[in-house]
Amino acid sequence: YLDDLAAARVSPSGWTQERLYEIFDERDTNQRPVLITCDVLPTKLADVVGDRVASRLAEMCRGGLHLMRG
């Protein structure tokens, strides 16, 4: 479970972005679930975590994305 992903303020080529990618890639490779909360729309996620991490997350969702408002 990763709470408030947008709060991380990830630099486009920094250490945090690389670790996030490694975590998500490992979980995807081993078919493990990931639960993430974030206060930005999926279309804006790349602005926060970078294109590479956002792309990996989009691949992992495979139609399982649930948006909640309020």
Subtracting the Cα-Cα distance from 0.36 nm times the residue separation, let me have the gained length for Arg19 to Asp47 in nm, one decimal.
8.4 nm
Relative contact order of the stretch 5-61, defined on C-alpha pairs under 8 angstrom at six or more residues apart (%):
49
Out of the stretch 4-70, which trypsin sites (Lys or Arg not before Pro) are coil in DSSP terms and have no more than 10 other C-beta atoms within 10 Å?
Arg9, Arg62, Arg69
Using label points projected 7 Å from each Cα along Cα→Cβ, tell me how many nm separate Met68 and Ala8, to one decimal.
2.0
Expressed in nm², what is the orientationally averaged projection area of the convex hull enclosing the Cα positions of the stretch 5-61?
3.5
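Here, each number is a calculation from the coordinates, and none is a lab measurement. Just so it is clear, the model here is predicted, and its values are computed rather than measured. In this analysis, Cβ positions are derived from the backbone assuming ideal geometry, glycine residues included, and neighbour counts consider all displayed protein chains.
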